[in-house]
Structures are given as C-alpha cells and as structure tokens.
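**Student:** Quick one: the structure is below, questions incoming.
The values are calculated or read from the model by the stated rules, or taken from the named source; none is laboratory data. Being a predicted model, the structure only gives us computed values, none of them experimental. Because the Cβ atoms are built from the backbone with ideal geometry, glycine has one as well, and the counts that use them run over all protein chains shown. We work out accessible area using only protein heavy atoms, side chains counted, and drop any ligands, DNA or RNA first. Shrake-Rupley method; radii C 1.70, N 1.55, O 1.52, S 1.80 Å.
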Amino acid sequence: MKNILALAVIALVAAVSSVICARLSIPVWTMFIGWIAFVAGGMNARTAAPTYVCCILGLIEGVIGTALISGGAAALGTDLALLVGVFIIVFAALLAQYLPFASLVICYFIGMTTFFASGLPLVMASGVTLGAGLLAGVLSGLIAVTIAGMISRDPSADAA
C-alpha cells in the first residue's frame, strides 16, 4: 500500500507542477523534459544541481549550434553549415565528460534537444523560458522522489 501511495504522490507532484508551469506561461512539456533529465542524471539530491547545469549548458550549445548553422548557411551552404555546426556542439558535449562538476553528457543532449524542439527564436527570453521549465522539472523530480522515499521507507531500516 505504501508503494501505491508513493506513486500517487509522484503523480500529484507532476500534476501540480504542470499547473504551476501553465500559470507562469512556462511550456509544461519543458517541465517534463527537466524531469526526464533528473532521472537520466541520477535521480537524487546529489545529482540534481549538476543535472540542471548540464541541461543549461546544453541549451547554450543549442543556441550556439543554431547560430553557427544559420549564420554559416549562406557562406558554406546548408549541408556544410549543418555538418560543421553539429560536429562542434556534439564534440563539445562529449568533451564535457571530463569536467568534474558538469559531466552528465546525456543532459547536454537533453538541453540541446529542448532548444531545438522548442522552435523558439534566438533571444534571451527563449533561454529563460526553457531554463525555467527545465528547472521546474528537475525540482519537481527531486521533490517527488524525496517525498515518495519518505513514504515508502521501511521504519525498521531507520532503527538499524
């Protein structure tokens, strides 16, 4: 019964987070992408901050990639600009595995994909909106896992 209650709490956190994001004009899907990043990043309090940082760095790489590709298309042609732009941002994301704090490569790709999927223009407001949605998702995941863990924890384990 505790496990079912824990699952219900997770669903409730997702539902409440969706309404909050909608009220704040943050695309609800970006919150779920942030939650996916939280799960991919390790799904605990220790990895929540690095997960978010890597997603934001991925968003920035998405912006850079878009600028490189659109800016280089006239001079290089669309295919070559795409080739160069994608190579640069993917190589940078893969190199991130060597960074001590921001080494969650999958979260870089989640951030890049979030930017590309959004279709938003290259303006600061786009980054703020997407960053807020990713943050809402990471925090929602953390809150849900924390509460669900407290519910489903075996009290006899605390005594040991």
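**Student:** Cβ-Cβ distance below 7 Å, separation of 6 or more or different chains: which pairs start in the stretch 123-139 with a residue that is more than 14 Å from ALA48 (Cα to Cα) and end on one that is part of a helix (DSSP H, G or I) and among the polar types (S, T, N, Q)?
**Tutor:** Listed pairs, sorted by first residue: SER126/SER118; LEU130/THR30; LEU130/THR114; LEU130/SER118; GLY133/THR30.
**Student:** Further question on the same structure: Can you tell me which residue is surrounded by the fewest Cβ atoms within 10 Å (Cβ to Cβ) among those in the stretch 107-127 that are over 20 Å from GLY41 (Cα atoms) and either in contact with a Cys (Cβ under 7 Å, 6 or more places away or on another chain) or of a type in the set (S, T, N, Q) (or both)?
**Tutor:** Of everything passing the filter in the stretch 107-127, SER126 is surrounded by the fewest Cβ atoms within 10 Å (Cβ to Cβ).
**Student:** Can you name the condition, by its number, that ILE26 falls short on among (1) touching a Ser or Thr at 6+ places or on another chain (Cβ under 9 Å); (2) part of a helix (DSSP H, G or I); (3) open to solvent by less than 40 Å² (accessible area, probe 1.4 Å)?
**Tutor:** (2)
**Student:** Quick one: GLY77 ticks every box in (1) among the small types (Gly, Ala, Ser); (2) open to solvent by 30 Å² or more (accessible area, probe 1.4 Å); (3) over 23 Å from the mean Cα position of the chain (by Cα); (4) more than 30 Å from LYS2 (Cα to Cα) except a single one, so which number is it?
**Tutor:** Of everything listed in (1) among the small types (Gly, Ala, Ser); (2) open to solvent by 30 Å² or more (accessible area, probe 1.4 Å); (3) over 23 Å from the mean Cα position of the chain (by Cα); (4) more than 30 Å from LYS2 (Cα to Cα), GLY77 misses just condition (2).
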